[in-house]
Amino acid sequence: MIRPDYLLFDRTSQAIINNFPKKAVQRMLDFDHVAGRELPSVACIVYPSSVGLEKFFFGSAEILIPVVKTIAEATDQFPDADVFIDFASYRSAYYSAREALENEHIRTVVIIAEGIAERRTRELIKLAHDRDKWLIGPSTVGGVSAGAFRIGDSGGAMECMIASQLHRPGHVGLVTKSGGLSSECYNLIANHTDGIFEGIAIGGDLYPGSSFADHLSRMNRNPEIKMLVCLGEVGGSGEYEIIEAIKDGRITKPVVAWVTGSCASLFTTEVQFGHAGAKSGVESESSQAKNAAMKAAGVIVPHSFDDFGDRIKEVFDELKAEGNIPDVVDIAPHELPEEFAKMTKAGKVRRASSIVCTISDDRGEEATYNKIPISQFVSESKGIGSVIGHLWFKKELPAEISGFIEKVLVLTADHGPAVSGAHNAIVTARAGKDLISSLVSGLLTIGPRFGGALDEAAQYFADALDRGISPEVFIKEMKDKGIPIPGIGHRIKSTKNPDTRVTLVKEYAAKHFKKTPTLNYALQVEQLTTAKKSNLILNVDGVIAACFVDILRYSGVFTPAEANEYIEIGILNGLFALGRSIGLIGHILDQKRLKQGLYRHAWDDIAYI
Ligand code: ACO
Ligand code: LMR
C-alpha cells in the first residue's frame, strides 16, 4: 500500500515487532479495537526462540499473531507491513534496526531502546537518510496517529488515550522529544483543540533518528494537519532546525512551541535532566535561548508551560474562525472489554469455577502444600511421609504414621525385573519408548492381582470386622462368592519362604501402633488360608492395607467418618503405585543404560495351541 510521503501511518498500517513485548503488542491491538480498526496493527513478531503462533485479544475475540525467526521471513510473509518497531535491548537494537532499514519493505523504523552508542545511532541515521527511510528514536516511546495507529505503549493507559481523543483524528500535528510529555501534550491539545492528528516523540538521545524539523515539515505537507505543536527540551539544537525550516518554507503552518528546562539557569552548575540529550551548559542550547530564537522566527512561544495550552487554543480558535479547520466527526471509542483477572480482583464479576482444590496453591509467591509453603517442609526437614500427610490427608501426621508411610515406600520400591509392572516397563523401554510412557506402562499393571490389592483388602477386612464375622465365615463367604481374598496369596512367597517385607511391616505395627485389630484379624485369616496352602500368606499388599485400616481407625488422628471415607474412596493403592514408581524408573533407566534392543518373547516360551 502506497501512502503519501507525509503519512507514516494510517488505519491499514501494520507493524513488524522485534523482540517479544507481549504487553506492548496487546496495547497496540487494544488501541486498534478502540479506534475501530479492522486490521490488527501488528502483522507479526520476530522472536527466534518462540517461533509459531501467539494468542492475543483483538477486542473480545482472540487472534493468532505469527512469531517468526528473522526479519526477512517477516517481510516475506507480510510485505505490506512497512513499520518496524524494535523492542530489542540497547545491545542488539543497532543490528536489528540496521537490517530493517536495509529491508526494501520497511519504511519506518522505531527504536525504543535507550542507551545505544551514539556512534551506532549516527550510522543508522545515515543509513536511513541514504535509503530514504524514517527512523524514530532511539530512546522513544514512539508516537500515535490518532484513530489509526499506535506505536507500542505510546499514549499511556487506554483511559488517558480516550480522554485525549486519540481514538479519532483531530487537526493538530505534535512533535516532542519526551515520550512521557507526549502523553501530557495529547491531553493538553485535546483540551484546547479538536485533538491531534499525529504525535511523534523523537526520543531523548543526543542524536535522534529523525528531528523536530523532519517531522514538523512532513506534517506541514499533510493537508489534514492545520497547525503544529512542538515541545522541546534543554540541550541539543533541534529547535534551531525548526527555525531553518520556517525560513526556507518547509514549515508554513502556525507552530506553537515551548522548550522545557528553563529552571536549568537557576543551577550554578551544568544540569543533566532525564534524557541523554537534555543537558544544560551551552548557552545557545538553553531553554531561554531556544525559546527566544523560535519566538523571533515567528513561532508562537508561551511564557511558560502553564500557558502553553492557552497559546495552542488561540491559534486553533483563530484557524477555526477563519474556516480553515473542518468539524471533526466525533466517533465514540469502541469499548475495550475489561480484563477478566482485573475484574475478578476488583470483585466485579463472579463465575462458578470448574475445578475445586483444597490441597495446594501456586498463586502466591511460593506454592504451598495444604497452606504450608514448600520451603517450610525443607527448613523443618519434613520427610516425604509428612508431604504425603498434607497432600493426601490434609494433616500433619504424627511421626509413627509418616514413618510408616516412608517404610512402605522403601519396602515396595522394587521387587526385581520379573514382576508384572517391572516386566511391562522393561518391555516398553526396550520398544524405544520414553521414560514416562514406560513408567505409565508399568504402572498400568498395578491392579487386583498385582500390587493393587490394598484398597480391596482394606475394605474386606474392615467390613468383616465391622460385621463381627469370624475369619472362618469370612473365608467361606469369599469362597462362595468366588473372590480371592485381596491381600492373601503370593506367587513365590509362602510360609516356607516368608516375605521379609511383611515381617518388617508387622514389626513396625507392633512397635508403634496403639491397637492393631485389623492386622490381627488378617493374620487369623492367614492362619487358616496357609493351613490349606502354604502360599496363601498375608502378602505385602494385605499387611500394609490391614495396618493402614488400624492407623485410620485407632491412631486417634482421623475421625471415624474420615477413616471410613478413606477406606471407601480407596487411597492405599496409591502407596504401592508411589513406591513402585521408584523401581520402575530404575528398571527403565537400567534398560536404556544397557542399550537393550527390542524385546521379543521367545517362541519356546509360548504354548501354540
Ligand atoms: N484367597 C483365597 N484363595 C486363594 C487366593 C486368595 N487370595 N489366592 C489363591 N487362592 C487359591 C485359589 O483359589 C486356588 O485354589 P485351588 O487350588 O483350590 O483351586 C489356589 O489358591 C491357587 O490359586 P492361583 O490363582 O493359582 O494362585 P497364585 O499363586 O497364582 O495367585 C495371586 C497369586 C494372584 C497373588 C493370588 O493369590 C491372588 O489373586 N491374591 C489376591 C490378590 C492379591 O493380594 N494380590 C497382591 C499380591 S502381592 C503383590 O502383587 C505385590
Ligand atoms: C512385588 O512386590 O512386586 C511382588 O510381591 C509381586 C510378585 O509377583 O512377586
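The values are calculated or read from the model by the stated rules, or taken from the named source; none is laboratory data. In this text the structure is predicted, and so the values were computed from the model without any measurement. Counting neighbours? That spans all protein chains shown, and the Cβs are built from the backbone with ideal geometry, glycine included. Only protein heavy atoms, including side chains, enter the accessible area calculation; ligands, DNA and RNA are left aside. Shrake-Rupley method; radii C 1.70, N 1.55, O 1.52, S 1.80 Å.
Of the solvent-accessible surface of the chain, computed with a 1.4 Å probe over protein heavy atoms with every protein chain present, carbon and sulfur atoms account for 55 percent.
Among 158, 190, 328, pick out the residue whose Cα is farthest towards the positive end of the charge dipole of the chain, where Lys and Arg carry +1 and Asp and Glu carry -1 on C-beta, about the Cα centre. After comparing all options, I get 158. Quick one: helix 179-192 against the long Cα principal axis of the chain, what's the angle to the nearest 10°, folded into 0 to 90? The helix 179-192 is inclined about 60 degrees to the chain.
Counting only protein chain heavy atoms and rolling a 1.4 Å probe, the accessible areas of 107, 218, 351 rank, largest first, as 351, 107, 218. Over the range 420-593, Cα pairs under 8 Å with separation of 6+ residues give a relative contact order of 34 percent. Heavy-atom accessible area for residue 392, with the other protein chains in place and a 1.4 Å probe, reaches approximately 80 Å².
Sticking with the crude label model, points 7 Å out along Cα→Cβ, report the distance from residue 391 to residue 503 in nm, one decimal please. Result for the modelled spin labels: 3.3 nm. Taking every protein chain into account, the 1.4 Å probe leaves residue 314 with about 90 Å² of accessible area, to the nearest ten.
Compared with the dominant Cα axis of the chain, that is its longest principal axis, helix 287-296 is turned about 40°. Over 20 Å, how big is the tail of the calculated P(r) for the range 48-188, in percent of all Cα pairs? That fraction is 54 percent.
According to a simple spin-label model (label point 7 Å from Cα along Cα-to-Cβ), what is the distance in nm between residue 559 and residue 38? Rounded to a tenth, the inter-label distance reads 6.4 nm.
Accessible surface for the range 1-78, divided over its residues, is 44 Å² per residue with a 1.4 Å probe.
Taking the Cα centre of the chain as origin and assigning +1 to Lys and Arg Cβ atoms and -1 to Asp and Glu Cβ atoms, the resulting dipole is close to 2900 debye. The equivalent ellipsoid that matches the C-alpha gyration tensor of the chain spans semi-axes of 79, 26, 22 angstrom, in descending order. Here residue 533 is the anchor, and the lysines within straight C-alpha reach of less than 20 Å, apart from those fewer than 8 places off in the same chain, are 476, 479, 481, 493, 496. So if we plug the beta-carbon distance of residue 568 and residue 603 into 1/(1 + (r/R0)^6) with R0 = 45 Å, what FRET efficiency do we get, rounded to 0.05? Working from the Cβ atoms, E equals 0.45. Would any residue of the range 42-67 have its amide N under 16 Å from a label point 7 Å out along Cα→Cβ of residue 22? List them or say none. So the set is 45-58, 62-67. Placing a pseudo-label 7 Å from each Cα along the Cα-to-Cβ vector at residue 332 and residue 593 gives an inter-label distance of 7.2 nm. Normalised by residue count, the range 568-609 yields a Cα convex hull volume of 131 Å³ per residue. In terms of Cα atoms, the Rg and Dmax of the range 420-593 work out to 17.2, 54 Å.
Among 242, 469, 162, the sequence by solvent-accessible area, most first, with a 1.4 Å probe is 162, 469, 242. Average 1/r across all pairs of distinct alpha carbons in the range 84-154, invert it, and you get the Kirkwood radius: 12.1 Å. Give the angle, between 0 and 90 degrees and rounded to the nearest 10, that separates the Cα long axis of helix 560-569 from the longest principal axis of the Cα atoms of the chain. Once rounded, the angle reads 80 degrees. When the charge dipole of the range 420-593 is built from unit charges on Cβ atoms (+1 for Lys and Arg, -1 for Asp and Glu) and taken about the Cα centre, the candidate among 428, 457, 561 whose Cα reaches farthest toward its positive end is 428.
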